[in-house]
1. Could you work out the local net charge near residue 26, counting Lys and Arg as +1, Asp and Glu as -1, over the other residues with Cβ closer than 13 Å to its Cβ?
2. Using θ = phi - 60° and the Karplus relation 6.51 cos²θ - 1.76 cosθ + 1.60, list the HN-Hα couplings for the range 20-33 in order, rounded to whole Hz, with x at every Gly or Pro.
3. How much of the DSSP beta bridge set in the chain is antiparallel, as a percent to the nearest 5?
4. Taking the Cα centre of the chain as origin, work out the dipole magnitude from +1 charges on Lys and Arg Cβ and -1 charges on Asp and Glu Cβ, in debye rounded to 20.
5. What are the ³J(HN,Hα) couplings of the range 131-147, residue after residue, when phi is run through the Karplus curve with 6.51, -1.76, 1.60 and θ = phi - 60°? Round to Hz, x for glycine and proline.
6. How high is the relative contact order of the range 15-248, in percent, counting Cα pairs under 8 Å that sit 6 or more residues apart?
7. For the chain, build the charge dipole from Cβ charges (+1 Lys, Arg; -1 Asp, Glu) around the Cα centre, then report which of 166, 61, 193 sits farthest towards its positive end.
8. If packing is taken as the mean number of other Cβ atoms within 10 Å per residue, what is the order of 148-158, 71-81, highest first?
Amino acid sequence: MTLITPITVPSNTRTLVLTGASRGIGHATVKKFSAGGWRVITVSRQPFSALCPWPGGDKNHVQIDLAEHQDVKRGIEEIRDRLGGGRLDALVNNAAISPKDETGGRYGAIDTPFDLWQRVFNVNFFASVALARGLMGELSEAKGCVVNVTSIAGSRVHPFAGSAYATSKAALAALTREMAHDFGPRGIRVNAIAPGEIDTAILSPGTEQIVEEQIPMRRLGTPDEVADVIHFLCEKGASYVSGAEIQINGGQHV
């Protein structure tokens, strides 16, 4: 493994590790935390994208295939090198995949190939616990926090989200409770957010009907609104919040 020369940052600078930063909620989260003076280390399967620039972004990006356990293990060591032995204030597990069938429709429990089911769980679920466990020492030193991004699809059948995606998000919600219990004595808070219909580039055709018929606020959420809640959970105002899953869906769950 090639050792990375850590970037020198002021000792009072807080650091966030964020997976899935190149678009949508992740992109908005990078901008929110960067504007607040945080150092953001991003993680994705792709190289650093100039489509989501921020100061120092190209030097604070770690390329990891979250679907491959061995690459996650390698990537954790690279993240640790980037931290340079320093603390880690927050880990946000935002990366996820939601494969569609050949027609663009949802894969159900009957027709989802098992190898695809495994890949979805590797990215959406197993990578989250692997990163948290692998970086536990750095999080504990900072009395930091973990935010897992689940989904409204984790608690109900969704017309566009497939069975593998939905069950991986349900498992991630349960994992959040377990992690809050197990990581709490080490000074680490663990929470989740469950977005509903958010205005991103990956919205499926027909979402407008959900907005009209199921969302009391009669509009989509914005990535910035989700990023605001993530930011709150990582700040002092949420210092006694742990084990929670916050719904961000305009009342769609009621």
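1. +3
2. x, 9, 7, 7, x, 4, x, 4, 5, 5, 4, 5, 5, 6
3. Beta bridges within the chain, antiparallel portion: roughly 5 percent.
4. Numbers: 25 positive and 26 negative charges, 139 e Å.
I would put it at about 660 debye.
5. These are the phi-based 3J(HN,Hα) values: 5, 5, 5, x, 10, 4, x, 5, 5, 5, 4, 8, 6, x, 8, 10, 10 Hz.
6. 21 percent
7. So the residue we want is 61.
8. Values: 148-158: 20.8, 71-81: 17.4.
Top of the packing list down: 148-158, 71-81.
Every read-out reported here was derived from the displayed coordinates using simple, explicitly stated rules and does not represent laboratory data. Predicted model only: the values in this text are computed from it and were never measured. Every residue, glycine among them, receives a Cβ derived from its backbone with ideal geometry; neighbour counts consider all protein chains shown.
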